[in-house]
2 protein chains.
Amino acid sequence: MSLLITNVGSLVTNDPSHGTGPLGLLADAAVVVEGERIAWVGPAASAPAADERFDAAGRALLPGFVDSHAHLVFAGDRTAEFNARMSGQAYTAGGIRTTVAATRAATDAELDANVLRFVTEALRQGTTTVECKSGYGLTVEDEARALRIAAAHTPETTYLGAHVVAPEFADDPAGYVDLVTGAMLDACAPHARWVDVFCERGAFDGDQARAVLTAGAKRGLLPRVHANQLSYGPGVQLAVELGAASADHCTHLTDEDVAALAGSDTVATLLPGAEFSTRAAYPDARRLLDAGATVALSTDCNPGSSFTTSMAFCLAVAVREMGMTPDEAVHAATAGGARALRRTDVGTLAPGARADLLLLDAPSHVHLAYRPGVPLTAAVWRAGVRAV
Amino acid sequence: MSLLITNVGSLVTNDPSHGTGPLGLLADAAVVVEGERIAWVGPAASAPAADERFDAAGRALLPGFVDSHAHLVFAGDRTAEFNARMSGQAYTAGGIRTTVAATRAATDAELDANVLRFVTEALRQGTTTVECKSGYGLTVEDEARALRIAAAHTPETTYLGAHVVAPEFADDPAGYVDLVTGAMLDACAPHARWVDVFCERGAFDGDQARAVLTAGAKRGLLPRVHANQLSYGPGVQLAVELGAASADHCTHLTDEDVAALAGSDTVATLLPGAEFSTRAAYPDARRLLDAGATVALSTDCNPGSSFTTSMAFCLAVAVREMGMTPDEAVHAATAGGARALRRTDVGTLAPGARADLLLLDAPSHVHLAYRPGVPLTAAVWRAGVRAV
């Protein structure tokens, strides 16, 4: 079965060979989908025939968003904590431990329903690929369970036992690192593609992070790092040294950090939802882009610091606050995310790519930044199947 | 026909006599709608019977948003201008004149379809009352046409012939003020409830603004003012002196301006979408609230400086950037907007109020700020009729 999507007013291919600029923009375009894949991209006037036809009515079509950083396996929410923080009130309760307790107490079915809810919510907003981390279990069984559940929804599963030191190990962080690199890793590795660590004061230092990532790599997991979010630190340099696919957050970077990213294949994944919801200073995307680094934008969806699934929102904030142009932000939210997941089959619309498509209720991809907050999803296809 | 909406997890009534705090919050609540009106509000356990029953399933219910400042009668968009501005490129073309030219060139049917599109888009996001200004016609016929078209969609129509000096009067601004206060007013007054003026350097000074507002008042139009947006100026003081329902923007305020607003019935309507999309400094809502002023939040939806219909987005930005608590922002986007339109039948959920209701896909109104960018509309009723 083939599908011709024609009368596309503006097509973002992210393939410069198909159109103008880094976005590979093509006006008056068409796309042919065969099964799960893109079969043809080009001017509408010269499109081949197909079994079915969809009239895009002059609207903009782009690759589905690739959200390469999300924490979706959790229970409960932290409304009271958010409300207190944004109301200038003291709030001494749990933070991340609140979510750990709720997640441990939840049934498998409850956690699975939550992941499905957020993946579906994201899909309705155009996200066709989403990464999903563990990190709210922090026991062998709860981390493995989180990854088993996540793996039913996405192949991009990330073992984040090293999110924070589990409460049971508050007095023995070294013992917790032993667990994360030992029995917990053994239980989690079969269900994960990636290994991640929160390299930050109060979480895991550079040596601990290195131990976690190298242990994971020995089990075939590919590294990615929560790096330099709250303070300067060794995370970015470690990510680059270990060939991590991505260093995530990158809010506090030295010139050496920026140069290391620019000279590597490690993507700088920026997560403006976190700075938005914590009133923190934003990362400087302009500095990274000007240095030649590859930038991705992702949601960081989690109940504590960034409870959004909206890639469009993150993109609009990145344009407002981080010095990105609308084109750069759209690229970062699609091709950038794909690079951060080392995926070549998503984030681009070229023959052979997976048919993950977002049709906007707008004539241009620029409207994602120009019309902030407005739901602009007109249609979504995932692997060639109409999903929205 | 009566409708019982029950099992409301959290109800925002904006009526302190019905619940806790300024939002009049009520947990485990129910609402009874009879025809177009709210008939009863209270605990779900003591709700009276009704013809129909809707199970809110524990979700949050609040008054529909009241968007008291929007410019919806226009044609074309300004994507290229926005893209250039956000990409740091020079862009010398038209600005507001681009929209004036496109609007004049549009047919009545085209303009009507555009207004319907934006009103519908806003309704899907929970906005049940929207104000709509003229201001892109700037001739007698085009301003009157804009208001005739707007009046078919909302009773809250605002004559804004004094948006900028019409291009034909570039060398004769006094002549344009004569037109705005003369023949144009005669043509527009039958179709408008309000009169507005952009009191700003480059638009209309204090004396001109006073002439416009007093001329409008003589024709029965109620005053509101675009005041102190881009610079300090006389707009706020003039608004208070003339008893305007609202001074809109309020980005640059002296202590005297804040005191004048706090000591008056003039609402300070803040429009964070404009600062978001122009990278301008935000107004200080905290300062106004602490002084005792009434604050409203609105979208300022227009194709040049704030092309959003999302009250939820504006509310989230107000919390992030303007020192508002989530509760204050929700109040400002509902009851505040109603005050800014001198309406007592909307913005509140008390017996007798119009049954304008927004059911969120979330357990609390706080989620409007906690989940930025995520479409949270579960259902909308307008005047008792299910609209979404």
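The values are calculated or read from the model by the stated rules, or taken from the named source; none is laboratory data. What you see is a predicted model; the values in this text were computed from it and never measured. For neighbour counting, all protein chains shown are included, and Cβ atoms are generated from backbone atoms with ideal geometry for every residue, glycine included. Please note that ligands, DNA and RNA were not included when accessible areas were found on the heavy atoms of the full protein model with its side chains. Shrake-Rupley method; radii C 1.70, N 1.55, O 1.52, S 1.80 Å.
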Taking the stated definitions as given, is residue A:117 touching a helix residue (DSSP H, G or I) at 6+ places or on another chain (Cβ under 9 Å), open to solvent by 40 Å² or more (accessible area, probe 1.4 Å), without any contact (Cβ under 8 Å) to a residue 40 or more places away in the chain and basic (Lys, Arg)? no
Among the residues listed as A:260, A:350, the single one being more than 24 Å from residue A:374 (Cα to Cα), open to solvent by 10 Å² or more (accessible area, probe 1.4 Å) and in contact with a His (Cβ under 7 Å, 6 or more places away or on another chain): A:350
State all residues of the stretch B:279-310 that are of a type in the set (Asp, Glu) and in a helix (DSSP H, G or I); if no residue qualifies, say none. B:290
Among the residues of the stretch B:323-334, is there at least one that is within 14 Å of chain A (Cβ to nearest Cβ), in a loop (DSSP other than H, G, I, E, B) and open to solvent by 10 Å² or more (accessible area, probe 1.4 Å)? yes
Is it fair to say residue A:368 is touching a helix residue (DSSP H, G or I) at 6+ places or on another chain (Cβ under 6 Å) and either surrounded by 24 or more Cβ atoms within 10 Å (Cβ to Cβ) or more than 8 Å from every other protein chain (Cβ to nearest Cβ) (or both)? yes
Of the listed residues (B:313, B:276), the one being assigned to a helix (DSSP H, G or I), over 21 Å from residue B:364 (Cβ atoms) and within 14 Å of chain A (Cβ to nearest Cβ) is B:276
Which pairs turn up if I take residues in the stretch A:300-317 that are under 16 Å from residue A:373 (Cα atoms) and look for partners that are in a loop (DSSP other than H, G, I, E, B) and basic (Lys, Arg) with beta carbon separation below 9 Å, at least 6 apart in sequence or on another chain? A:307/A:78; A:307/B:371; A:308/B:371; A:309/B:371; A:310/B:371; A:312/A:371; A:316/A:371
Go through the stretch A:18-42 and give me each residue that's open to solvent by 70 Å² or more (accessible area, probe 1.4 Å), free of Cβ contacts under 8 Å to residues at least 40 places away in the same chain and farther than 18 Å from residue A:361 by Cα. A:20
Here are A:122, A:57, A:49: which of them is open to solvent by 10 Å² or more (accessible area, probe 1.4 Å), within 14 Å of another protein chain (Cβ to nearest Cβ) and either in a loop (DSSP other than H, G, I, E, B) or under 23 Å from residue A:381 (Cβ atoms) (or both)? A:57
One residue is enough: does the stretch B:97-111 have a residue meeting the conditions over 30 Å from residue B:196 (Cβ atoms) and in a helix (DSSP H, G or I)? no
Residues of the stretch A:1-40 being within 25 Å of the chain's Cα centre (by Cα) and of a type in the set (Ser, Thr, Tyr), which ones? A:10, A:13
Would a scan of the stretch A:269-278 turn up a residue that is under 20 Å from residue A:243 (Cα atoms) and not polar (S, T, N, Q)? yes
State yes or no: is residue A:269 closer than 23 Å to residue A:133 by Cα, part of a loop (DSSP other than H, G, I, E, B) and either modelled with pLDDT of 95 or more or under 16 Å from the mean Cα position of the chain (by Cα) (or both)? no
Considering each of B:369, B:355, B:329, B:362 in turn, give the residue that is among the hydrophobic types (A, V, I, L, M, F, W, C) and assigned by TED's automatic domain parsing to the domain that holds residue B:270. B:329
Go through (1) closer than 29 Å to residue A:99 by Cα; (2) away from chain B (no Cβ under 12 Å); (3) in contact with a Ser or Thr (Cβ under 7 Å, 6 or more places away or on another chain); (4) not β-branched (Val, Ile, Thr) one by one and return the number of the condition residue A:304 breaks. (2)
Tally of residues being more than 10 Å from chain B (Cβ to nearest Cβ), in contact with a helix residue (DSSP H, G or I) (Cβ under 6 Å, 6 or more places away or on another chain) and under 18 Å from residue B:325 (Cβ atoms) across the stretch A:74-95: 1
How about the stretch B:62-101: which of its residues are small (Gly, Ala, Ser) and surrounded by fewer than 19 Cβ atoms within 10 Å (Cβ to Cβ)? B:76, B:80, B:84, B:87, B:88, B:90, B:93, B:94, B:95, B:101
Taking the condition of being among the basic types (Lys, Arg) and farther than 19 Å from residue A:373 by Cβ, how many residues in the stretch B:67-120 meet it? 2
Working carefully through the options A:267, A:212, A:180, A:236, find the one that is in the same structural domain as residue A:329 (by TED's automatic domain parsing) and either open to solvent by 10 Å² or more (accessible area, probe 1.4 Å) or touching a Lys or Arg at 6+ places or on another chain (Cβ under 9 Å) (or both). A:267
For the stretch B:2-39, which residues satisfy the criterion of being at pLDDT below 95 and outside any loop (DSSP other than H, G, I, E, B)? B:16, B:17, B:18, B:20
Given the condition under 23 Å from residue A:253 (Cα atoms) and surrounded by fewer than 24 Cβ atoms within 10 Å (Cβ to Cβ), answer yes or no: does some residue in the stretch A:308-318 qualify? no
Among the residues of the stretch B:5-17, which ones are buried (at least 21 other Cβ atoms within 10 Å of the Cβ) and either among the hydrophobic types (A, V, I, L, M, F, W, C) or free of Cβ contacts under 8 Å to residues at least 12 places away in the same chain (or both)? B:5, B:8, B:11, B:12
